[in-house]
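The values are calculated or read from the model by the stated rules, or taken from the named source; none is laboratory data. Small disclaimer: the values here were computed from a predicted structure and weren't measured. Cβ coordinates were reconstructed from backbone atoms using ideal geometry, including for glycine residues, and neighbour counts include every protein chain displayed.
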Amino acid sequence: MNTTWMKLVKAYQQALGEYLAHESEHVLLQAHLVGRSALQRGWGVLDLVHLHQEALVRLLAGTPSPSALVERTAPVQTFLLEALAPFEAACRGLRENSVRLRQLNATLAQRTDALRTTEAQLVTVSRERDAATQELRTSKEHYCHLLQEARVMEENFRQLSHKVLRIQEEERKRISRELHDELGQTLNVVNVSLAVLRDHFPEHGAIRERIVQAQRLLKHTMEIVRRFARELRPDMLDHLGFYPALGAYLRNFTERTGIPACLQAHPRRDNLDPQEAIVLFRVAQESLSNVAKHARATRVDIRLQRHRGTMHMEIHDNGRSFRVPPVLAEDGQGRLGLLGMEERVRLLNGQFTIQSAPGCGTTVCVRIPCRTRSSDRPGAAPRSRSTRLNGAAVRSAKPQCHEKNHRHFSRRPHRRPSRAPLVARR
Amino acid sequence: MASEYKIAVASAADIVAARIKARHLAQSVGFAAPEITVITTAVSEVAQNLVDHAQRGEVELQDVRRGERRGLQVTARDQGPGIPDVARAMEYGYSTRQGLGLGLPTAKWLMDEFVLDSAAGRGTTVTMRKWLHGPHPPLP
């Protein structure tokens, strides 16, 4: 610092001396550069004035008289001003920048305030969002819980329905057996007694005639009882299986109603699960009963087909159509019949559909996933000619049926929790 | 008395010549000693800037009037490479060469008015004014 200082004092003194001697502009530029350099090195105005004073004292030490001293005052000032000019510029710049800085600071303060407000709002929003998230989570848990409960209840309901239907079937079977075995036998005995009685009065024509009349009436009653027993529970279903039982039922239906009923089945024999068999049989029974009661049909076709583990049954009549939703909505037997069919199918995770359209008759469709494998080798028996022809006829008729007044009732297979036991399996 | 000077500037000697003319004109306009020093210092800075960046150019000095007021206008022109970023060039301490980065800001702060017109490839023109008895209010 000291050597630098002394060097600078010397340079300044030399330049000042030169200027006092010649007052040349060139030397003034030197003064300017010294000032600039001092500013650059971080010196202050006071440092420069001190430098100037030291140089001036050294220079003036050899001055002969005070008058000579006074003469030199003006150029000394010019020189000093020149050296100080860079400091002046820096000072003004500083002042200007200070003002700008103050303005910037004010702006910054405003921005900071705005930012703080925004931050506060953000915190509020964030809190609200957290609360909403929490609420949503709670609500979701609540709904999960409700859903779980609903599933359990549905499952319970399903089990209950199943039980009711099973008990119903058992009860029907029992009543059917009672009717057949007890009432049938008793009526038989009565009939035999009447015959004995009739033969006991060979000469009393009036009495014999009465007894024959009673026997006719009795025979009719026995016929009704037998049919009623069959309706309740065809024993063929239990003893011979689904297809023979259905065939027998259709023959009986045709005999009774005069409506031809045509069965096309592939395969012809099937080891259906008893549950599936009874559902299919009951749907067929209920559908045919509806046809006999309401349809005024001249023909019924029943098609049965197993395809990729699904049993497909279609019952089509060519009779009067009906509007499906009103029938389903109305009270009474009709509605209960349809709902009963649908419920039975649904319990086996199946699909139940009714299509009815003017001029196209009515088609009841059932699809049930099979739990047993087909007893026939798959693809061993080709489809019968009649099945194919009929299938084509049905298919070509369908687009018309779909046009209007056509309601498709299909329920998705009942979803069951995977770990819950299969209710139908008893 | 001449009220206008044009000085070709390409060296330190030319800068001194510009200072001499500026001092002379400032005295004739009526500026006091500190303001004369301020004007010569500003002329030194713009002239030095011109030599450093464009090698050569010219400095024009004019006695100007605006209404009742008298002043001195310094115009430094060159056909050099121009200044691509004018705003940065006006930052104190900013320098593209090994310079001090004091030149143009110093001139601006010392004078009352300062206009820098430049773009890359178009040369540079600095116009600045100093008014007698304080800065003149800017034109609308």
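I'm told residue B:45 meets every condition in (1) at the interface with another protein chain (Cβ under 10 Å from one of its Cβ atoms); (2) free of Cβ contacts under 8 Å to residues at least 12 places away in the same chain except one. Can you identify the failing condition by its number?
Condition (2) is where residue B:45 drops out.
Does segment A:15-29 contain any residue that is within 12 Å of another protein chain (Cβ to nearest Cβ), of a type in the set (Asp, Glu), over 20 Å from residue B:17 (Cα atoms) and surrounded by 15 or more Cβ atoms within 10 Å (Cβ to Cβ)?
no
Of the conditions (1) within 14 Å of chain A (Cβ to nearest Cβ); (2) of a type in the set (S, T, N, Q); (3) closer than 25 Å to residue A:23 by Cβ, residue B:3 clears all except one; give me its number.
(1)
Determine whether residue A:48 is within 28 Å of residue B:18 (Cβ to Cβ) and either more than 13 Å from every other protein chain (Cβ to nearest Cβ) or in contact with a His (Cβ under 6 Å, 6 or more places away or on another chain) (or both).
It is true that residue A:48 is within 28 Å of residue B:18 (Cβ to Cβ) and either more than 13 Å from every other protein chain (Cβ to nearest Cβ) or in contact with a His (Cβ under 6 Å, 6 or more places away or on another chain) (or both).
Filter segment A:74-104 for residues that are charged (D, E, K, R) and facing another protein chain (nearest Cβ under 9 Å); which is farthest from residue A:43 (Cα to Cα)?
Applying the filter and picking the extreme gives A:96.
Inspect segment A:237-250 for any residue being in contact with a helix residue (DSSP H, G or I) (Cβ under 8 Å, 6 or more places away or on another chain), of a type in the set (A, V, I, L, M), surrounded by 13 or more Cβ atoms within 10 Å (Cβ to Cβ) and at pLDDT below 85 and give the result as yes or no.
Yes, segment A:237-250 contains a residue that is in contact with a helix residue (DSSP H, G or I) (Cβ under 8 Å, 6 or more places away or on another chain), of a type in the set (A, V, I, L, M), surrounded by 13 or more Cβ atoms within 10 Å (Cβ to Cβ) and at pLDDT below 85.
Per-residue answers, yes or no, for (1) more than 14 Å from chain A (Cβ to nearest Cβ); (2) modelled with pLDDT of 90 or more; (3) out of contact with any strand residue (DSSP E or B) (no Cβ under 7 Å at 6 or more places or on another chain):
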{"position": "B:73", "(1), (2), (3)": "yes, yes, no"}
{"position": "B:82", "(1), (2), (3)": "yes, no, no"}
{"position": "B:128", "(1), (2), (3)": "no, yes, no"}
{"position": "B:131", "(1), (2), (3)": "yes, yes, no"}
{"position": "B:137", "(1), (2), (3)": "yes, no, yes"}
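How many residues does segment A:104-154 hold that are hydrophobic (A, V, I, L, M, F, W, C) and over 25 Å from the mean Cα position of the chain (by Cα)?
11
Take segment B:13-34 and flag every residue that is at pLDDT below 90 and either touching a strand residue (DSSP E or B) at 6+ places or on another chain (Cβ under 8 Å) or facing chain A (nearest Cβ under 10 Å) (or both).
Of everything in segment B:13-34, those that are at pLDDT below 90 and either touching a strand residue (DSSP E or B) at 6+ places or on another chain (Cβ under 8 Å) or facing chain A (nearest Cβ under 10 Å) (or both) turn out to be B:33, B:34.
Looking only at helices (runs of 4 or more DSSP H) that lie completely in segment A:1-108, which have at least 2 residues being of a type in the set (Ser, Thr, Tyr)?
It comes to A:2-22.
Being in contact (Cβ under 8 Å) with a residue 40 or more places away in the chain, surrounded by 10 or more Cβ atoms within 10 Å (Cβ to Cβ), closer than 30 Å to residue A:282 by Cβ and not polar (S, T, N, Q) is the requirement here; does residue A:183 meet it?
Yes, satisfied.
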